[in-house]
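**Student:** Got a structure for you, questions after.
The values are calculated or read from the model by the stated rules, or taken from the named source; none is laboratory data. Since the structure is predicted, the reported quantities are computational estimates derived from the model, not experimental observations. Glycine gets a Cβ as well: all are built from the backbone with ideal geometry, and neighbour counts include every protein chain shown. The accessibility values were calculated without ligands, DNA or RNA, using every heavy atom of the protein model including side chains. Shrake-Rupley method; radii C 1.70, N 1.55, O 1.52, S 1.80 Å.
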Amino acid sequence: MWSADDSKIVSCGMDGAVYEWDAYSGKRIGESVLKSCSYSGVTVTPDGKNTYAVGSDKTIKEISDSTVSLLLLILVS
């Protein structure tokens, strides 16, 4: 996912990692790894300060400064 100003890219994976990359240098500038969860989607707020990822545990997590917080539990019937 590209940030609104195209300065960074945020990626997520089935390995439980969410990485933040500097789009200009290609260097990783942030990471959050939670081995107990596989991520399938990620988005960034327009101001680029917060990242949200959806996981295999049916939750949406807020990631800020490489710290993960549970935001919402998704109920699926």
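**Student:** Could you tell me which of the residues Ser69, Ser32 is among the polar types (S, T, N, Q) and surrounded by 14 or more Cβ atoms within 10 Å (Cβ to Cβ)?
**Tutor:** Testing whether each residue is among the polar types (S, T, N, Q) and surrounded by 14 or more Cβ atoms within 10 Å (Cβ to Cβ) leaves just Ser32.
**Student:** Residues in region 10-24 that are open to solvent by less than 70 Å² (accessible area, probe 1.4 Å) and either in a loop (DSSP other than H, G, I, E, B) or within 12 Å of Thr45 (Cα to Cα) (or both): how many?
**Tutor:** 4
**Student:** List the residue pairs whose Cβ atoms are under 8 Å apart, where the first residue sits in region 21-45 and is within 15 Å of Ser64 (Cβ to Cβ) and free of Cβ contacts under 8 Å to residues at least 40 places away in the same chain, the second is hydrophobic (A, V, I, L, M, F, W, C) and open to solvent by 70 Å² or more (accessible area, probe 1.4 Å), and the two are 6 or more positions apart or on different chains.
**Tutor:** Ile29/Trp21
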